[in-house]
1. Any residue in the range 282-290 that is under 30 Å from Met198 (Cα atoms), within 13 Å of the chain's Cα centre (by Cα), among the aliphatic types (A, V, I, L, M) and modelled with pLDDT under 80?
2. Would you pick out the residues in the range 64-119 that are of a type in the set (Gly, Ala, Ser), free of Cβ contacts under 8 Å to residues at least 60 places away in the same chain and outside any helix (DSSP H, G or I)?
3. All but one of (1) surrounded by fewer than 16 Cβ atoms within 10 Å (Cβ to Cβ); (2) more than 13 Å from the chain's Cα centre (by Cα); (3) on the phi < 0 side of the Ramachandran plot; (4) not hydroxyl-bearing (Ser, Thr, Tyr) hold for Gly87; which doesn't?
4. State whether the residues of the range 128-137 include one that is in a loop (DSSP other than H, G, I, E, B), open to solvent by less than 30 Å² (accessible area, probe 1.4 Å) and more than 21 Å from Arg90 (Cα to Cα).
5. Hey, can you tell me all the residues within the range 99-111 that are of a type in the set (A, V, I, L, M) and either under 10 Å from the mean Cα position of the chain (by Cα) or open to solvent by less than 10 Å² (accessible area, probe 1.4 Å) (or both)?
6. Residue by residue through the range 208-262, note down the ones that are within 30 Å of Ala103 (Cβ to Cβ), modelled with pLDDT of 75 or more and open to solvent by 40 Å² or more (accessible area, probe 1.4 Å).
7. Is at least one residue of the range 33-50 part of a loop (DSSP other than H, G, I, E, B), touching a Pro at 6+ places or on another chain (Cβ under 8 Å) and either open to solvent by less than 20 Å² (accessible area, probe 1.4 Å) or modelled with pLDDT under 90 (or both)?
8. Name the residues in the range 13-32 that are β-branched (Val, Ile, Thr) and either under 27 Å from Pro286 (Cα atoms) or not in a loop (DSSP other than H, G, I, E, B) (or both), would you?
Amino acid sequence: MEISDSSWEDFILVGFSDYPKAEFIISLFVSGFYTMTLAGNTAIILVSLLDSRLHTPMYFFLRNLSFLDICFTTCIVPQMLVNIWSGNKRISYVGCMVQYSVALALGSTECVLLAVMAVDRYFAVLWPLRYTSIMHQQICHILAAVSWLSGFANSLFQSSLAMVLPLCGHRHVDHFICELLIIIKLSCADTGAIEYKMFIARLIILAIPVCIILTSYGCIAGTVMKMHSAEGRQKAFGTCASHLMVVLLFYGTIMFMYLQPKNNYSQRQGMIVALVYTIVAPTLNPLIYTLRNKDVKRAMRKVLWKI
């Protein structure tokens, strides 16, 4: 089937428009969290750059995570707020494709980056004396590059499959963002084979990092249990606790969203989980690292004192 010119028509992001009063409250909620996301993650980046004691592999990867969260929320939130406050729910075909491609790329990058951060914690706990020689600057840059490249490669693969699908019928997207699984539902072609390929791609980009994270923390747990010093166990736990909390929050929501067949995908549930994944999680990440990390709090006080 050929793709008609109608494939280039605008999409309508329905979102929460069925509940206009709730929609306005949600917009205030989203704008508040977005502001905190920008402020919190920007603060993490600046503080870790300005304080020389934070020039370590852990904070290098944390800067990457903070920058990624800023980009991810900026890819979604401004368009969402414009649609709610202007009353115009339209988004262009190209804008929709760009939004879900970039969001998928950044989400996939975070999957790999969290696994890299788990490996970093593995070497910090199990090989403390050789840690700086193992996780030297060049290795850190390579691992960060692998995270970003693999994330964008996954998005390129899945997005290219979706973009060739002929779209027909209505263009009402029952979501507040252009979401890949929902756009596929608008196709009038048989999407079975493409969905299967996409599911395998999602499984790989999730399963491999999860295996790395579980293996790393399994080894860390075994090492910590063997420590005779309570202070040593507490220090090791403090080193990993913040990252573990971020991992649980991120993977808990993303697995619900993407590791299920399209037929079982509930759009209403998807929107609620997407709010947590796209709005709440990027805000909590800097809070988790700041509240549980004495080094970051000390560095922030030092920077604020200079200001």
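The values are calculated or read from the model by the stated rules, or taken from the named source; none is laboratory data. None of the values given here were measured: they were computed from a predicted structure. Virtual Cβ from ideal backbone geometry, glycine too; neighbours counted across all protein chains shown. These accessible areas exclude ligands, DNA and RNA; they are computed on the full protein's heavy atoms, side chains included. Shrake-Rupley method; radii C 1.70, N 1.55, O 1.52, S 1.80 Å.
1. No: the range 282-290 contains no residue that is under 30 Å from Met198 (Cα atoms), within 13 Å of the chain's Cα centre (by Cα), among the aliphatic types (A, V, I, L, M) and modelled with pLDDT under 80.
2. Passing the criteria: only Gly87.
3. Failed condition: (3).
4. yes
5. Matches in the range 99-111: Ala103, Leu104, Ala105, Leu106.
6. Result: Ile208, Cys211, Ile212, Leu214, Thr215, Leu244, Met245, Leu248, Leu249, Gly252.
7. Among the residues of the range 33-50, not one is part of a loop (DSSP other than H, G, I, E, B), touching a Pro at 6+ places or on another chain (Cβ under 8 Å) and either open to solvent by less than 20 Å² (accessible area, probe 1.4 Å) or modelled with pLDDT under 90 (or both), which makes the answer no.
8. Matches in the range 13-32: Ile25, Ile26, Val30.
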